[in-house]
1. Given (1) surrounded by 18 or more Cβ atoms within 10 Å (Cβ to Cβ); (2) farther than 30 Å from LYS191 by Cα; (3) modelled with pLDDT under 90, identify the lone condition not met by GLY62.
2. Being among the hydrophobic types (A, V, I, L, M, F, W, C), touching a helix residue (DSSP H, G or I) at 6+ places or on another chain (Cβ under 8 Å), modelled with pLDDT under 85 and not assigned by TED's automatic domain parsing to the domain that holds ILE79 narrows it down to one residue among ILE143, ILE165, ILE169; which is it?
3. What tally of residues in the range 193-209 results from selecting those that are crowded, with 18+ Cβ neighbours inside 10 Å, more than 18 Å from THR152 (Cα to Cα) and either of a type in the set (Val, Ile, Thr) or modelled with pLDDT of 85 or more (or both)?
4. Determine which single condition ASN99 fails, assuming it passes every other condition in (1) within 29 Å of VAL192 (Cα to Cα); (2) of a type in the set (S, T, N, Q); (3) at pLDDT below 95.
Amino acid sequence: MNYYLLDFENVKSSGFDGVEKLSEQDKVIAFYSVNSGTITIDMHIKINKSKADIEFQKVFIGGKNALDFQLSSYLGYLIRDTLPTEDNAEMCNYYIVSNDTGYDFLCKYWKNQGVEVKIVSSISGENPAKNEEEKSSPPDTHITNKNDLEKTLKTILPDKTDAPIVAKIINQYKTKQGVNNGLTKTFPQQKVGPIYKAIKSLIADKKGQ
């Protein structure tokens with residue numbers, strides 16, 4: 001499931017760009033205040049047509065960065081409430097929709113905890129510069145024999161033809177969240193859960209829950 005925490009004070013209506021393309025597996029939490037401005041009629045129509053679960057959180061103001069602090073607090077609660085368990089192996093993707101670079105430090109904190117949080121300028125588009133560190137990181141080499149990994153994957157995956165691609169994803173990312181994100185970008189949603197559950201023991205030593 002994808003979660004989008006939208007800083008409406010910062011991105012205004014443009015932050016909702018792409019909301020009409022979301023599915024039932026997505027949720028948007030838009031944080032706004034009396035300083036946030038208004039939503040355009042066109043964007044209001046797109047929001048109404050969206051299949052995503054959309055929630056609006058009115059924040060309490062009274063100090064500098066009040067919305068930022070409340071959004072950050074909600075993110076921590078959300079991550080804690082949606083971490084994968086033994087009964088549910090599905091991992092979630094978290095996005096902060098904002099152009100505020102102050103959130104970079106929040107993302108770095110969660111990355112150290114093994115949870116990837118990305119900053120995007122709108123629901124539809126990523127900011128490549130924000131995720132450069134993840135993309136430029138050297139591959140995780142804890143599994144040194146690629147052929148052995150692929151052989152193992154062929155015995156445990158629902159579709160053994162996926163083994164080479166899954167092996168590449170496992171070696172590319174250092175965290176469980178990163179592996180899940182790689183699977184989500186590569187495979188249809190209905191395949192991600194079964195694949196992740198099958199490889200869970202192979203990535204047990206990676207960071208994250």
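The values are calculated or read from the model by the stated rules, or taken from the named source; none is laboratory data. These figures come from a predicted structure and were not determined experimentally. Using ideal geometry, Cβ is built from the backbone for each residue, glycine included, and neighbour counts are taken over all protein chains shown.
1. Unmet for GLY62, out of (1) surrounded by 18 or more Cβ atoms within 10 Å (Cβ to Cβ); (2) farther than 30 Å from LYS191 by Cα; (3) modelled with pLDDT under 90: (1).
2. Numbers: ILE165 fails: modelled with pLDDT under 85; ILE169 fails: modelled with pLDDT under 85.
ILE143 is the lone residue from the list that is among the hydrophobic types (A, V, I, L, M, F, W, C), touching a helix residue (DSSP H, G or I) at 6+ places or on another chain (Cβ under 8 Å), modelled with pLDDT under 85 and not assigned by TED's automatic domain parsing to the domain that holds ILE79.
3. The number of residues fulfilling the criteria is 0.
4. Evaluating ASN99 over (1) within 29 Å of VAL192 (Cα to Cα); (2) of a type in the set (S, T, N, Q); (3) at pLDDT below 95 leaves (1) as the failure.
For every residue, the table says whether it meets (1) under 22 Å from LYS118 (Cα atoms); (2) buried (at least 16 other Cβ atoms within 10 Å of the Cβ); (3) in contact (Cβ under 8 Å) with a residue 24 or more places away in the chain.
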{"position": "LEU6", "(1), (2), (3)": "yes, yes, yes"}
{"position": "GLY15", "(1), (2), (3)": "yes, yes, yes"}
{"position": "SER23", "(1), (2), (3)": "yes, no, yes"}
{"position": "ASN35", "(1), (2), (3)": "no, no, yes"}
{"position": "TYR95", "(1), (2), (3)": "yes, yes, yes"}
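Residues are listed down the side, and each one gets a yes or a no for (1) more than 23 Å from ILE79 (Cα to Cα); (2) within 15 Å of the chain's Cα centre (by Cα); (3) acidic (Asp, Glu):
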site	(1), (2), (3)
ASN2	no, yes, no
SER14	yes, no, no
VAL19	no, no, no
ILE41	yes, no, no
HIS44	yes, no, no
ASN48	yes, no, no
GLU55	no, no, yes
